[in-house]
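One structure is given here, and the rest of the page talks about it.
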């Protein structure tokens, strides 16, 4: 029962424009290795979603090694083990195929992949959704979504939980009993050209059309450890400091409102869609000053 779990993040919507990879190696139910690294993207740009959700900036990614160097480290860790990933056949393998093609690597040398989304759907048919964050929430597994090492760890947890419920500790038996599809990294003919043009890194001012002045929604009585919060409208540096300050006090930082939050911390201006959701769902909004003051009152 030896396998690896892998997750990728991309810098833009261009397929294969990988900017981060996370891997955990599992053996007999135990995590025996892990790896996480930024990857220098082929298209030297960040999309809007990446710019506002990643814990690092484009400049950080551009300092990272190129994909071939990172993949050598991944190969060294996983050896000949099979690899699991969420949406492996449709997403991860396709990204890797494009990356292999662009860098002139042999995709046939890549590992065999199995999809944990497919496994979760087939085994837990009663769950309404089977995405990484939905399964993690159902089993109360700790997740830092879009941290690729954390996402990969959830993929491994899915495998381990299914194996436990099916009372098997043999990989081939797990594959056979679930009729689990094996996927390979596609070998594209010729070198794929990623044609998106690099763009200058945008500043917060460039998003002025997407930001609005906000008004209070409903008051928040107090902040308690375990509550979930999100940040909106802050630049990268300020966002990182506030996120870490909240986590140190026992709060749970979330990237999205959709999964459910207890309050939102907003800059002078915040995103239009987030504000509309706060108004609709009566989610409390705190200013930066109010948030800092509340943290001081909290017990560690």
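Remarks
- Among 232, 37, sorting on how many other beta-carbon atoms sit within 10 Å of each Cβ, with the fewest leading, yields 37, 232.
- C-alpha long axis of helix 67-78 to longest principal axis of the chain, angle in °: 70 degrees
- Angle in degrees between helix 272-281 and the longest Cα principal axis of the chain, rounded to the nearest 10: 80 degrees
- Each of the peptides 104-112, 165-173, 90-98 was scored by the mean count of other Cβ atoms within 10 Å over its residues; in descending order, highest first, they stand as 90-98, 104-112, 165-173.
- Mean-position separation - Cα centroids, the stretch 23-58 and the stretch 122-180, in angstrom: 20 Å
- Most mobile of 181, 217, 125 in a GNM of the chain (Cα contacts under 10 Å): 125
- Net length gained if the chain between residue 295 and residue 187 were fully extended (0.36 nm per residue, minus Cα distance): 33.6 nm
- Beta bridges per DSSP with both ends in the chain, % antiparallel, nearest 5: 60 percent
- Theoretical ellipticity at 222 nm over the chain - DSSP helices of four or more residues, -39500 (n - 2.57) apiece, nearest 500: -10500 deg cm²/dmol
- Relative to the longest principal axis of the Cα atoms of the chain, the long axis of helix 148-165 lies at roughly 60 degrees.
Every number here is computed from the coordinates shown, using simple stated rules; none is lab data. The shown structure was predicted, so the numbers you read here are calculated from the model rather than taken from an experiment. Virtual Cβ from ideal backbone geometry, glycine too; neighbours counted across all protein chains shown.
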